[in-house]
Every structure is written in C-alpha cells, then in structure tokens.
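The values are calculated or read from the model by the stated rules, or taken from the named source; none is laboratory data. What you see is a predicted model; the values in this text were computed from it and never measured. All Cβ positions, glycine included, derive from the backbone under ideal geometry; neighbour counts span all protein chains shown. Accessible surface is based on the protein model in full, side chains and every heavy atom, while ligands, DNA and RNA are left aside. Shrake-Rupley method; radii C 1.70, N 1.55, O 1.52, S 1.80 Å.
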Amino acid sequence: MWNNKLKIAIATKNIQEIDLLINSMPEFTNLKEMEEAYHLIIQAKTLLELLKGDTLKEMNKIKASINFLKSSSHNEKKKFGMSFNV
C-alpha cells in the first residue's frame, strides 16, 4: 500500500506527498517490499534533484530579467536628462 502511494506521488511529482510518505515509512515485513521501497526512494530523490535544478534555472532566468529591467529602467531615466529616486 505504502509503495503504491509513493509510486503515485512520484509519477504525479507531488513533492508534499513524497515528503509525507517518506517521513511515515512503515516497517516492512519482507525483503521484496524493502527492496521496492529502496528503489522508489532513489527515484524520489532523483526527481527532487531534477526539480531543484529546474527551480534554480528558473530563478536565474528571473534574476536576469530583473537585472535587465533595472538596467533598462536606469537607461530610460538618463535619456530624459532627469533622475528619479525609485
């Protein structure tokens, strides 16, 4: 049951559910369930690392856009021979 829930959470990229499931991992009764849980946790870790990388890329794009807007805004102020404190 737990393994199936984790599979679904990984497939849907539901980070909150993955976190909840990993923090409430049951004690497994047989080796097959333990091995499956191990592999699912590795998949979850890989997914989290991928999403973290994607987030970092998006943050860098936003940062570059902000810097561009700031520099464009600064150049616009100079064009008119006036400066404003914004």
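Count, please, the residues in the stretch 18-42 that happen to be assigned to a helix (DSSP H, G or I) and either of a type in the set (Lys, Arg) or open to solvent by 100 Å² or more (accessible area, probe 1.4 Å) (or both).
So the count comes out to 6.
Between a first residue in the stretch 2-17 that is under 13 Å from Gln43 (Cα atoms) and open to solvent by 30 Å² or more (accessible area, probe 1.4 Å) and a second residue that is assigned to a loop (DSSP other than H, G, I, E, B) and not aliphatic (A, V, I, L, M), which pairs have beta carbons less than 8 Å apart while being 6 or more apart in sequence or on different chains?
Matching pairs, first to second residue: Ile8/Asn14.
Please work out if Glu36 is modelled with pLDDT of 95 or more and under 14 Å from the mean Cα position of the chain (by Cα).
Spelling it out, it is not the case that Glu36 is modelled with pLDDT of 95 or more and under 14 Å from the mean Cα position of the chain (by Cα).
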